[in-house]
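First the structure, in the form of structure tokens, and then the observations on it.
The values are calculated or read from the model by the stated rules, or taken from the named source; none is laboratory data. Predicted, not measured: the structure shown is a model, and the values here were computed from it. A quick note on method: Cβ atoms are made from the backbone with ideal geometry, for glycine too, and the neighbour counts reach across all protein chains shown.
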Amino acid sequence: MEATMSDEVIRLYPQPGAVLPLQGLYLASDLRGVHAAADRPFVFTNFVSSIDGRIAIVNPGAGKMGVPHATANPRDWRLFQELAAQADVMITTGSHLRHRMEGDAQEISTGDDPRFADLRAWRKACNLAPRADLAVVSRSLDFPYPADMAAGWRKIIVVTGGDADRGRIKEIEAQGGSVIVAGEAGVDGAQMVAGLAERGYRLIYSVAGPAVAHILLASRVLDRLYITLAHRLLGGEDYTTFVEGLRLDPPVSLRLAALYLDPYALEGAGQLFATYDVAAD
Ligand SMILES: NC(=O)c1ccc[n+]([C@@H]2O[C@H](COP(=O)([O-])OP(=O)(O)OC[C@H]3O[C@@H](n4cnc5c(N)ncnc54)[C@H](OP(=O)(O)O)[C@@H]3O)[C@@H](O)[C@H]2O)c1
């Protein structure tokens, strides 16, 4: 198919600038080439946000928090999937699984979606399973074990704290889940990443929300943050932002690694795709 202007984004940083295809933009960062053989895992996360920092709101008629309809868009979703394609394991949460059971959480895998056939072929060519495994962070363990997701090829690992219900851990193990106890009261980020590394995972992609972002940042185990900044202001008082939890002290410094302008998204409002590396303390 012939490329059109709307298939492109503009690189603003690093300079010199360039016009590049949207498709392949995040695959080109070659996370596996750079980090798959490293002796420590590479941990990355991704958010789409409004300019005023809303990553989740109660959408009209939804009754519960979710990604705002005003910022979700297929161009961002394409890049989300390019990151997922490069992962060994994706981190999600108990609350995501509860929403999924109720039928109102976005499926994080590509399934058979024809738009992402190239990414499935890419994983196959890299000798990877069709999808990454799934690590579910939960303190309450109050979710039905997602046997449908585990069917066939996807391993489910539940990550919880030492204060979790022992009986519930046994039930999950009896259903085929593998459980990592990482931390005393709730999950500790460093222990979670060490536990995943012990199981051979190197490329760890958190698609969870602000509590897990805080867990990773507080332990200083997050390496990279991908942000899509949708050029919209949402206001409102009931919202969630990127990181929620105790004040990060000292604050986490980020170094801009790349910045792209996508002028075509959101009916021409556009968006920025920013990649930040977490700076060493
Ligand atoms: N815009 C975006 O890019 C973006 C990205 C991700 C998520 N979101 C949105 O953000 C909202 C929150 O998502 P989320 O609930 O999946 O993410 P989250 O805020 O990172 O996770 C919350 C869940 O994680 C578990 N948890 C939290 N702290 C814990 C601890 N110390 N130890 C063990 N487990 C702990 C709890 O599970 P249990 O309750 O099971 O104990 C809790 O319900 C959702 O509306 C989602 O749609 C938006």
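Overview of results
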| item | result |
| --- | --- |
| Count of the range 42-52 residues which are over 22 Å from MET90 (Cα atoms) and surrounded by 15 or more Cβ atoms within 10 Å (Cβ to Cβ) | 2 |
| Hey, TYR260 surrounded by 12 or more Cβ atoms within 10 Å (Cβ to Cβ) and either within 18 Å of the chain's Cα centre (by Cα) or part of a loop (DSSP other than H, G, I, E, B) (or both) or not | no |
| Pick from the range 181-200, criterion outside any loop (DSSP other than H, G, I, E, B) and either of a type in the set (Gly, Ala, Ser) or at positive phi (or both), ranking: farthest from the ligand (Cβ to nearest atom) | ALA197 |
| Identity of the residue in the range 210-242, farther than 25 Å from GLN271 by Cα and in a loop (DSSP other than H, G, I, E, B), that ends up nearest to the ligand (Cβ to nearest atom) | SER219 |
| Filter pass, GLU237 being over 27 Å from LEU128 (Cα atoms), charged (D, E, K, R), out of contact with any Cys (no Cβ under 7 Å at 6 or more places or on another chain) and modelled with pLDDT under 95 | yes |
| Odd one out for ARG154, checked against (1) modelled with pLDDT of 95 or more; (2) in a loop (DSSP other than H, G, I, E, B); (3) surrounded by 17 or more Cβ atoms within 10 Å (Cβ to Cβ) | (1) |
| Hey, ALA185 without any contact (Cβ under 8 Å) to a residue 40 or more places away in the chain, in contact with a helix residue (DSSP H, G or I) (Cβ under 9 Å, 6 or more places away or on another chain) and not aromatic (Phe, Trp, Tyr) or not | no |
| Test for ALA164: is it in contact (Cβ under 8 Å) with a residue 60 or more places away in the chain, more than 28 Å from GLY33 (Cβ to Cβ) and near the ligand (Cβ under 9 Å from one of its atoms) | no |
| Residue satisfying condition, being more than 11 Å from the ligand (Cβ to nearest atom), over 29 Å from LEU134 (Cβ atoms), part of a strand (DSSP E or B) and among the charged types (D, E, K, R), within set ARG247, ARG255 | ARG255 |
| Any pair with Cβ under 7 angstrom, 6 or more apart, that starts in the range 129-141 at a residue that is under 15 Å from ALA164 (Cβ atoms) and touching a residue at least 60 places away in the same chain (Cβ under 8 Å) and ends at one that is part of a loop (DSSP other than H, G, I, E, B) and within 16 Å of the ligand (Cβ to nearest atom) | VAL137/VAL187; VAL137/ALA208 |
| Extreme residue, farthest from GLY189 (Cα to Cα), among residues of the range 117-146 that are in contact with a Lys or Arg (Cβ under 6 Å, 6 or more places away or on another chain) and within 8 Å of the ligand (Cβ to nearest atom) | PHE143 |
